[in-house]
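To start, the structure itself, in structure tokens.
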Amino acid sequence: MDQPVLLIRADASARMGTGHVMRCLALAQAWQHQGGVVFHHGQCTENLRERLHTERIVSREIAGSIAPEGDAQATLDYAAEVNASWIVIDGYQFGADYLRQLKTGDDQVLVVDDFGALPDYDCDVLLNQNSYASSEFYPNIAAGASLLLGCRYALLRDEFLRIPPPVRTYQNETLQLLLTLGGSDPDNVTSQLVQTLAQIRHPLEVTVVLGGSNPHRAAVAEAMRGTNWRLLTNTSRMPELMAQADLAIAAGGSTSWELMYMGLPSLLVTLADNQKRVVEDLVSRGTAVGLGWHADLREEAVSSIVSELIAHPDRLRSMSEQARHLVDGHGAERVVHRLLGKLVCIRSCNSEDARLLFDWANEPTVRAASFHTNTIAWTEHTAWLERKLTDPDCRIYIGQSHEGTPVGMVRLDLNEKQQVVVSISVDARYRGYGYGPHLLRRALEAWQQERGTSPFVALVKTGNRASVKLFEICGFHLSNRLNYGNTVALEYHYTTATRPL
């Protein structure tokens, strides 16, 4: 298979901010690490477009005045041009009609969302990386779509993953404070906060970081006059600065997850409506303190909150520990594996796969989940495989990743009741990547195409939760409980006549 292609449709501007494109950049980097190629389609600030170019991402501008239907068609045309495997949509301007139009094409669609505000979501995968995300937000998501919810899928760029989060002791008299309000800060809240911090009596060393799209650098520099604090613009050292800081004042956007990963206690300012729920949830978890809506900030209140935290290092340590438990840094990798899992293909098994199947069959967790738990001998295995490969009522399919790596197998056997008995195994190294459901669906589709509609049945050993979840995801339903030797088997059925693949 050729290199898989990811097309990102997201915008950035001084007023909108850069968060949508920046979190998609984390996804793009993880995609590239798996051998993929990334393209970007959308409006972008000059600095951010240069960053994308540095990251080997081709960015094509789209007119800001284009109607939604024209936007969607332009995105579909670009996807066809670059042979995209996936289209990523990230932005609040994309409505339900836009998504439906995208799904008229052949591409698979990932929606990155924060609210669950649309009446329905026509997509293949939906990602909401926020700590408050819930399936209840998406009652009308497309049938068969996957939901990736919560901080387990938080998207962090490579630069954050290269620096291990420090253990913070809070034993120094001078407190290191990082002030950063995102890529643009159109209302210049930074200057107001600088003036507030300058009134605090406790010794502070403040580093102020402005995004490349911030138009207020001169005003911020003026507010900092008379201090020895640092002012940085569009820095590439943000992870290092977070690691050095004792406390941060930041916006409640996607930077929040970077702060949580670095274990940096945070005072969060709400700059936009979409940040309110993020701030509220992180405050409730004890990882941050909310400063409120940016237009309502009061110097006395902010000064009091900062001084109170400085006076209680135990609370800062607790906030740091809680934050690190929330984000582990593997979110982008998990998302990419889920996307690539949907690209799994199958081939027919042959005699050269004997060793591969033998190793899979004797893997300890596979033996434990089997009804016959004894280790299989090589001679027994090769004789069995020879019989199965010549049996007209048996098909064995090998699942392969986009790189051609074997990731699992499905065996289908037609029994005397004219039912197709399903067995599936995924290589231990690739479990949790989302290969299982797609491998199973491909195999059932292959059987249907060759043999026509058949009732499928699967027997699952009691306690094998992974297999139960897999079959239920694929539309199988529990129909019976059977005594199988010394254990109980759960019998799952799938009828293609009533549940199309």
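The values are calculated or read from the model by the stated rules, or taken from the named source; none is laboratory data. In this text the structure is predicted, and so the values were computed from the model without any measurement. No Cβ is skipped: glycine too gets one built from the backbone with ideal geometry, and neighbour counts run over all protein chains shown.
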> Which residues, counting only those in region 286-296, are closer than 16 Å to residue 258 by Cβ and of a type outside the set (Val, Ile, Thr)?
Replying inline: 288
> Just wondering, is there one or more residues in region 346-360 that are under 30 Å from residue 106 (Cα atoms) and of a type in the set (Val, Ile, Thr)?
Replying inline: yes
>> Exactly one of these conditions fails for residue 164: (1) touching a strand residue (DSSP E or B) at 6+ places or on another chain (Cβ under 9 Å); (2) surrounded by fewer than 17 Cβ atoms within 10 Å (Cβ to Cβ). Give me its number.
In response: (1)
>> Within region 342-357, does at least one residue satisfy the condition of being closer than 30 Å to residue 162 by Cβ and buried (at least 17 other Cβ atoms within 10 Å of the Cβ)?
In response: yes
>> Any residue that is part of a strand (DSSP E or B), within 15 Å of residue 27 (Cβ to Cβ) and either of a type in the set (Asp, Glu) or modelled with pLDDT of 95 or more (or both) - is there at least one of those in region 152-164?
In response: no
> Taking region 346-371, which residues are free of Cβ contacts under 8 Å to residues at least 12 places away in the same chain and either touching a strand residue (DSSP E or B) at 6+ places or on another chain (Cβ under 7 Å) or not basic (Lys, Arg) (or both)?
Replying inline: 352, 359, 364, 368
> How many of the residues in region 1-60 are without any contact (Cβ under 8 Å) to a residue 60 or more places away in the chain and of a type in the set (A, V, I, L, M, F, W, C)?
Replying inline: 8
> When you look at residue 463, is it in contact (Cβ under 8 Å) with a residue 40 or more places away in the chain, touching a strand residue (DSSP E or B) at 6+ places or on another chain (Cβ under 9 Å) and within 27 Å of residue 337 (Cα to Cα), yes or no?
Replying inline: no
>> Looking at region 211-231 only, could you name the residues that are under 19 Å from residue 19 (Cβ atoms) and either out of contact with any helix residue (DSSP H, G or I) (no Cβ under 6 Å at 6 or more places or on another chain) or β-branched (Val, Ile, Thr) (or both)?
In response: 211, 213, 214, 215, 216
>> Being of a type in the set (D, E, K, R) and free of Cβ contacts under 8 Å to residues at least 40 places away in the same chain is the filter here; which residues of region 202-242 pass it?
In response: 205, 217, 222, 225, 230, 237
> Hey, among 264, 291, 268, which residue is outside any strand (DSSP E or B) and in contact with a strand residue (DSSP E or B) (Cβ under 7 Å, 6 or more places away or on another chain)?
Replying inline: 264
> If you scan region 97-117, which residues turn out to be in contact with a strand residue (DSSP E or B) (Cβ under 7 Å, 6 or more places away or on another chain), within 19 Å of residue 133 (Cβ to Cβ) and aliphatic (A, V, I, L, M)?
Replying inline: 99, 109, 110, 111, 112
> If residue 97 satisfies every condition in (1) acidic (Asp, Glu); (2) within 19 Å of the chain's Cα centre (by Cα); (3) surrounded by fewer than 19 Cβ atoms within 10 Å (Cβ to Cβ) but one, which is the exception?
Replying inline: (2)
> Assuming residue 81 fulfils every condition listed in (1) over 28 Å from residue 234 (Cβ atoms); (2) touching a residue at least 24 places away in the same chain (Cβ under 8 Å); (3) in a helix (DSSP H, G or I) apart from one, which condition is it?
Replying inline: (2)
> Taking the condition touching a strand residue (DSSP E or B) at 6+ places or on another chain (Cβ under 8 Å), buried (at least 21 other Cβ atoms within 10 Å of the Cβ) and polar (S, T, N, Q), does residue 18 pass?
Replying inline: no
>> With the condition being modelled with pLDDT of 95 or more and among the hydroxyl-bearing types (Ser, Thr, Tyr), I'd like the helices (runs of 4 or more DSSP H) fully within region 176-254 carrying at least 1 qualifying residues.
In response: 189-197
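To keep it simple, each residue is scored yes or no on (1) in a loop (DSSP other than H, G, I, E, B); (2) without any contact (Cβ under 8 Å) to a residue 60 or more places away in the chain; (3) of a type in the set (Val, Ile, Thr).
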position: 383; (1), (2), (3): no, yes, no
position: 403; (1), (2), (3): yes, no, no
position: 425; (1), (2), (3): no, no, no
position: 448; (1), (2), (3): no, yes, no
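Okay, residues lined up against (1) closer than 13 Å to residue 180 by Cα; (2) in contact (Cβ under 8 Å) with a residue 40 or more places away in the chain:
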{"residue": "244", "(1), (2)": "no, yes"}
{"residue": "252", "(1), (2)": "yes, no"}
{"residue": "261", "(1), (2)": "no, yes"}
{"residue": "270", "(1), (2)": "yes, no"}
{"residue": "279", "(1), (2)": "no, no"}
{"residue": "284", "(1), (2)": "no, no"}
> Among the residues of region 457-464, is there at least one that is surrounded by 20 or more Cβ atoms within 10 Å (Cβ to Cβ), more than 24 Å from the chain's Cα centre (by Cα) and in a helix (DSSP H, G or I)?
Replying inline: no
> Among the residues of region 22-35, which ones are farther than 16 Å from residue 214 by Cα and either in a helix (DSSP H, G or I) or in contact with a strand residue (DSSP E or B) (Cβ under 6 Å, 6 or more places away or on another chain) (or both)?
Replying inline: 23, 24, 25, 26, 27, 28, 29, 30, 31, 32, 33
> Can you name the condition, by its number, that residue 225 falls short on among (1) within 21 Å of the chain's Cα centre (by Cα); (2) loosely packed, with under 14 Cβ neighbours inside 10 Å; (3) basic (Lys, Arg)?
Replying inline: (1)
>> Anything in region 129-140 that is under 25 Å from residue 475 (Cβ atoms) and surrounded by fewer than 22 Cβ atoms within 10 Å (Cβ to Cβ)? List them, or say none.
In response: 134, 135, 136, 137, 138, 139, 140
